[in-house]
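The values are calculated or read from the model by the stated rules, or taken from the named source; none is laboratory data. Predicted model only: the values in this text are computed from it and were never measured. Every residue, glycine as well, gets a Cβ built from its backbone with ideal geometry; the counts of neighbours run over all protein chains shown.
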Amino acid sequence: MCKRTAAGLWTGLLFAGALAGAADLPGEEKEPLGLGRQATEAEIRAWDRDVSPTGEGLPAGKGTAQEGARLFSAKCASCHGVTGTEGPAPRLVGGQHTLATKHPVKTVGSYWPYATTLYDYIRRAMPFTAPQSLTPDEVYAVTAWILARNGIITDNAVMDAQTLPNVRMPNRDGFVPDPRPDVPHR
Amino acid sequence: MAHDEQARTDRPPDDSAAGSPDDPPAVLSRRALLTGAASLAGFTAAQSVLSSLNAAPIASPGQEDPTLIPGRPPTPYGQRSAFERAARLAGATSSLTPLQALHGILTPSALHFERHHNGVPVIEPTRHRLLVHGLVEQPTTFTLEEIKRLPSRSRLAFIECSGNSGGEWQTPAGRTVQETHGLFSTSEWTGVPLALLLREAGAKPEATWMLAEGSDAGAMARSIPLARALDEALICYAQNGEALRPEQGYPLRLLLPGWEGNANIKWLRRLKLGAAPFMTRDETAHYTDLMPDGTARQFTFDMDAKSVITSPSGGQQVRAGFVEIRGLAWSGRGRITGVDVSTDGGRTWRQAQLDDPVLPKCATAFRFPWRWDGQEAMLQSRCTDETGYVQPTRQALVAVRGINSSYHYNAIHSWLVTMDGAVRNVHV
């Protein structure tokens, strides 16, 4: 199968005028109805916490795998295992070069295409029993620990808003757009 | 990776004792009556029911003649009969709709399947806000009341988790149709078209993707391609005529008819417009389809056409003579145009009757008259949708996708009826 990046193809398929066109619903007013009110900067800042693959949204702060080891042990290992492989929560470490085998092991190291997603997800949803309780430095440190255990960065590499988006994930080019319908009818 | 959609801790309600899953038990135990009576607490009728336990049976064993007892008065919010037992099958992170016990195409709200990523949040509707920002002329927040003032739409649509039947990729894992297909439900949904809501904030022409985010403890978030979503997407506040159930996103959810369930973000609090996908965990690490060559398909939104026989189905008992084979068919790409049924494992097919209404991206009920002669039989259904797509055999599906893709399993399903009348899930 030809490897193309899904994001690149999708962006190419979409067209800028789509929004204006599709909004012309029959029988509706063409102009805004004036409902809702302008959001304040504080309201946006409180919720606008997603991190994109370009690093947009990453906060100030930094961390290394060395710093992350203690945190992982204290706050993550009870679900993910002491080495990030034991579970019962999803396995985080290992599995590289298994995706095309009969027993694929999908982990951060073997499967995830972007290191920034790791930061985004830990910040929004982890630890499972206390989401959003980690500081930016702690999220950088735990992110660094998981990347280092997968052999993607070194133990003393500093992860921050500049370095994290530049981390090249092993499966970065492993995703393809939806080719369906793909199953021929006999 | 463990496929958590399929993780189960409970056993299903056992339907095998009754001829049909929705038949009430022939003889009600004292405990069943007491349980039923408990839900009527506060009404004089409850005492009458209890006192009747010692009376001579008239209408049927264990039941007093109801024409002799004044019934209970009206109530503010109704409940089903205390004799009905159809229930979701709940695991750690999801619960399954009891398709074998339902009729028609609508799923009662209380039985709509659940899938959530860190529990069902408690949200006070007057404090809930929806923030629309990013590539818009004016970042805007909406109260629920303001959203309800906007022009509304109601439509019937199914929601199917893309992990529905995921256990079937590798083995005939589910015993009942609830276990094999229960991450599928249909409701009438009411809300405001996404396109109208975005007009209020003034979406910029360069906006091509939208991040939709929930206010659950998982802060579930998915990137939605706007050009595909705008025709039909609704921001919903109602389900089957009343406010959304908490487990369905109360007070606000995104509805993308025909798209994989996960994209229909619940407890919706934020829409951020951008020019590229945001690449959240649940569109990279999860909800991507691993192929045999090691690549993974991403943004596989559409739910392909699929059907299943719900009666007779796994765990039920077939009786000799007339049997109406019943089931559901649906397609995320439009209307169902036909369903064929086979009783001989796919060697011969005959057209099933479709019940009205046949709506796009909605469950369609089918039925097929059959006489069971007591011999082994293999029951299958195969649907076609208005794009001409035909539901594939398991063999054809697996030949293309292998068995490790976890999501979007839509193969023809086989129920084996053995000579003792038992029905079992098998792969052919």
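So which of B:D340, B:D289 is in contact with a Lys or Arg (Cβ under 6 Å, 6 or more places away or on another chain), touching a residue at least 12 places away in the same chain (Cβ under 8 Å) and at the interface with another protein chain (Cβ under 9 Å from one of its Cβ atoms)? So the residue among B:D340, B:D289 that is in contact with a Lys or Arg (Cβ under 6 Å, 6 or more places away or on another chain), touching a residue at least 12 places away in the same chain (Cβ under 8 Å) and at the interface with another protein chain (Cβ under 9 Å from one of its Cβ atoms) is B:D289. Checking the conditions here, which among A:T143, A:T154, A:T117, A:T135 is within 16 Å of B:T284 (Cα to Cα) and of a type in the set (S, T, N, Q)? Selected residue: A:T117, the only one of A:T143, A:T154, A:T117, A:T135 that is within 16 Å of B:T284 (Cα to Cα) and of a type in the set (S, T, N, Q). Does the range B:391-407 hold any residues that are under 15 Å from B:V308 (Cβ atoms) and either more than 8 Å from chain A (Cβ to nearest Cβ) or not in a helix (DSSP H, G or I) (or both), and which are they? Those that are under 15 Å from B:V308 (Cβ atoms) and either more than 8 Å from chain A (Cβ to nearest Cβ) or not in a helix (DSSP H, G or I) (or both): B:Q391, B:P392, B:T393, B:R394.
When you go through A:G174, A:G95 one by one, which is the residue that is farther than 25 Å from B:P277 by Cα, surrounded by 19 or more Cβ atoms within 10 Å (Cβ to Cβ) and either basic (K, R) or within 11 Å of another protein chain (Cβ to nearest Cβ) (or both)? After applying the criteria, what remains is A:G95. Of all residues in the range B:200-212, those that are within 16 Å of B:L268 (Cα to Cα) have Cβ atoms under 6 Å from Cβ atoms of residues that are among the basic types (K, R) and assigned to a strand (DSSP E or B), 6 or more apart or on another chain, in B:L211/B:K272; B:A212/B:R222. All of (1) within 11 Å of chain A (Cβ to nearest Cβ); (2) of a type outside the set (V, I, T); (3) buried (at least 24 other Cβ atoms within 10 Å of the Cβ) hold for B:W267 with one exception: (1). Within the range B:247-270, the residues that satisfy the criterion of being part of a loop (DSSP other than H, G, I, E, B) and either out of contact with any helix residue (DSSP H, G or I) (no Cβ under 6 Å at 6 or more places or on another chain) or not assigned by TED's automatic domain parsing to the domain that holds B:L130 (or both) are B:G249, B:Y250, B:L252, B:P257, B:G258, B:N264, B:I265, B:K266, B:W267.
Quick one: which of A:A100, A:A89, A:A130 is within 8 Å of chain B (Cβ to nearest Cβ), free of Cβ contacts under 8 Å to residues at least 60 places away in the same chain, among the small types (G, A, S) and assigned to a loop (DSSP other than H, G, I, E, B)?
Numbers: A:A89 fails: within 8 Å of chain B (Cβ to nearest Cβ); A:A130 fails: within 8 Å of chain B (Cβ to nearest Cβ).
Exactly one of A:A100, A:A89, A:A130 is within 8 Å of chain B (Cβ to nearest Cβ), free of Cβ contacts under 8 Å to residues at least 60 places away in the same chain, among the small types (G, A, S) and assigned to a loop (DSSP other than H, G, I, E, B), namely A:A100.
Taken as a whole, the condition of being buried (at least 16 other Cβ atoms within 10 Å of the Cβ) and under 28 Å from B:V358 (Cα atoms) applies to B:L96. If you go through the range A:106-127 and pick out every residue that is of a type in the set (A, V, I, L, M, F, W, C), within 15 Å of A:V93 (Cβ to Cβ) and facing chain B (nearest Cβ under 7 Å), you end up with 1.
In the range A:34-60, which residues are among the hydrophobic types (A, V, I, L, M, F, W, C), in contact with a Pro (Cβ under 8 Å, 6 or more places away or on another chain) and surrounded by 15 or more Cβ atoms within 10 Å (Cβ to Cβ)? Walk me through it before giving the result.
Step one: filter the range A:34-60 for residues among the hydrophobic types (A, V, I, L, M, F, W, C), giving A:35, A:39, A:42, A:44, A:46-47, A:51, A:58, A:60.
Okay, now just the ones that are also in contact with a Pro (Cβ under 8 Å, 6 or more places away or on another chain), so A:39, A:44, A:58, A:60.
The answer is A:A39, A:I44, A:L58.
Considered as a group, the residues in the range B:111-155 that are more than 10 Å from chain A (Cβ to nearest Cβ), in contact with a helix residue (DSSP H, G or I) (Cβ under 6 Å, 6 or more places away or on another chain) and outside any loop (DSSP other than H, G, I, E, B) include one that is farthest from B:Q178 (Cα to Cα), and that residue is B:L144. Residues in the range B:298-328 that are touching a residue at least 60 places away in the same chain (Cβ under 8 Å) and at negative phi: 20 in all. Just one of the listed residues (B:T140, B:T93, B:T97) is of a type in the set (S, T, Y) and assigned by TED's automatic domain parsing to the domain that holds B:A207, namely B:T140.
Scanning the range A:103-123 for residues that are touching a residue at least 24 places away in the same chain (Cβ under 8 Å) and assigned to a loop (DSSP other than H, G, I, E, B) yields A:T107, A:V108, A:G109, A:S110, A:Y111, A:W112, A:P113.
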